[in-house]
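Written out below as structure tokens is the structure these notes cover.
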Amino acid sequence: MSVDLRGRNMLSMKDLSGEEILAILDKSADLKADREKHFRAAPLAGQTLAMVFQKPSLRTRVSFETGMTRLGGHAIYLSPVDFELGKRESVEDVAIVLSRYADLIMARVFGHAIVEELAEYATCPVINGLSDFEHPCQILADLLTVRERKGNLKGLTLNYIGDGNNVAHSLMYGCARVGMNCVITSPSGFEPDATVLSESNAIGSELGATVRVAMDPAEGARDADVIYTDVWASMGQEADADARKAKFSGFQVNAGLMKHAKPDAIILHCLPAHYGDEIDYDTSRTANSAIFDQAENRMHAQNGLMLYLAGRA
Ligand code: CP
Ligand code: NVA
């Protein structure tokens, strides 16, 4: 059965089947392998992506914008001060108006309900460019990176160590969908959402994969193929950052932790990184680290996704 995502939204990794994820990764790898061919073909010529940001960004903004350029389309950056989503204008009206101009909308928001409301009223696909609850585009890039380094996904074990946040939630769904085991190691009180845990574990079990939470960093990292971390305080949690440092002490990716993983385990971080907190600098620069391939792959993975959503894959 061929994969058809035309007109669909991309709000959560839960919403994509394993087959759909793998099709997007195949398209992304093809786009990455032959940049010139795809640029000449300009598959999104005449199409515009509206990018709505309530929070800062380096990778998401630049990867979507350069990605649209490579596909022959155009992207418009709408900063948090251009229009205050839900304040100057309702989310409903923004969705309707942007749909009259743009062919795709990408939004980085605080509450996940905002991206859901955009999708409810938009008449074009809406892509979640990060909400407080999920970061699905990041996980498409992560899976592409793991597959490049390891050759396959099913049966591998990923250990995410740190805050049970938006990135952790999307990883849990994404790993489960492709049959990867996923272990989330968090300090007490910072575990991922319980519903995400039960849903992702149920999804994974169909492919023989397990999604679970660990409390002990060494046990969580044992025999992992992938070690992943993210900041201890996400955007919007800055006031809590100092208090979190004490609670997350011991939950760092460093040479000691890597001894528990497989010797060829790769290291991922969605970036931005706070070196010395969730990961030490030297570990981030070892040959096992794929963090900058991962950053580059945001663009390729999103380009594959956009081609599918636009019906041009
Ligand atoms: N990883 C990621 O989403 O980076 P930005 O916050 O810089 O977009
Ligand atoms: N969890 C982080 C991810 C940044 C890409 C945040 O939400 O700030």
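Each reported figure results from applying straightforward, stated rules to the coordinates on display, with no laboratory input. Please read all numbers here as calculations on a predicted model, not as lab measurements. Cβ coordinates were reconstructed from backbone atoms using ideal geometry, including for glycine residues, and neighbour counts include every protein chain displayed.
The table below gives the values:
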read-out: Candidates TYR281, TYR228, TYR160: whichever shows maximal mean-square fluctuation once the chain is modelled as a Gaussian network with Cα springs under 10 Å; value: TYR281
read-out: Folded to 0 to 90 degrees: helix 291-309 orientation relative to the chain principal axis, Cα; value: 40
read-out: Cβ-based net charge around ASN166, under 12 Å, with every Lys or Arg adding one and every Asp or Glu removing one; value: -3
read-out: Anisotropy class of region 180-313 from Cα gyration tensor, a/c 1.5 cut; value: rounded
read-out: Proximal charge balance of ASP93 [Cβ under 14 Å; K/R count +1, D/E count -1]; value: -2
read-out: Counted charge near ALA41, where neighbours are those whose Cβ lies closer than 15 Å (Asp, Glu -1; Lys, Arg +1); value: +4
read-out: Relative contact order (%) - criterion: Cα under 8 Å, at least six apart; region: the chain; value: 21
read-out: Region 1-85 - charge dipole about Cα centre, Lys and Arg +1 at Cβ, Asp and Glu -1, debye rounded to 20; value: 200
read-out: Long pairs among LYS150/LYS262; LYS14/LYS154; LYS32/LYS150; LYS37/LYS150, criterion Cα-Cα beyond 19 Å; value: LYS37/LYS150
read-out: R0 of 35 Å, Cβ-Cβ distance ASP216-ALA29: FRET efficiency to nearest 0.05; value: 0.45
read-out: Region 99-247: relative contact order as a whole-number percent, Cα under 8 Å and 6+ apart; value: 20
read-out: Residue among PRO263, ALA310, VAL253 farthest towards the positive dipole end of region 242-312, charges placed on Cβ; value: ALA310
read-out: Virtual spin-label span in nm between ASP240 and ARG100, 7 Å along Cα→Cβ; value: 4.0
read-out: Residue of LEU58, LEU85, LEU143 that the Gaussian network model of the chain assigns the largest fluctuation, springs spanning Cα pairs under 10 Å; value: LEU58
read-out: Dipole of the chain [Lys/Arg +1, Asp/Glu -1 at C-beta], most positive-end residue of PHE83, ALA233, LEU140; value: LEU140
read-out: Dipole magnitude (debye, nearest 20) for the chain, charges at Cβ of Lys, Arg, Asp, Glu; value: 840
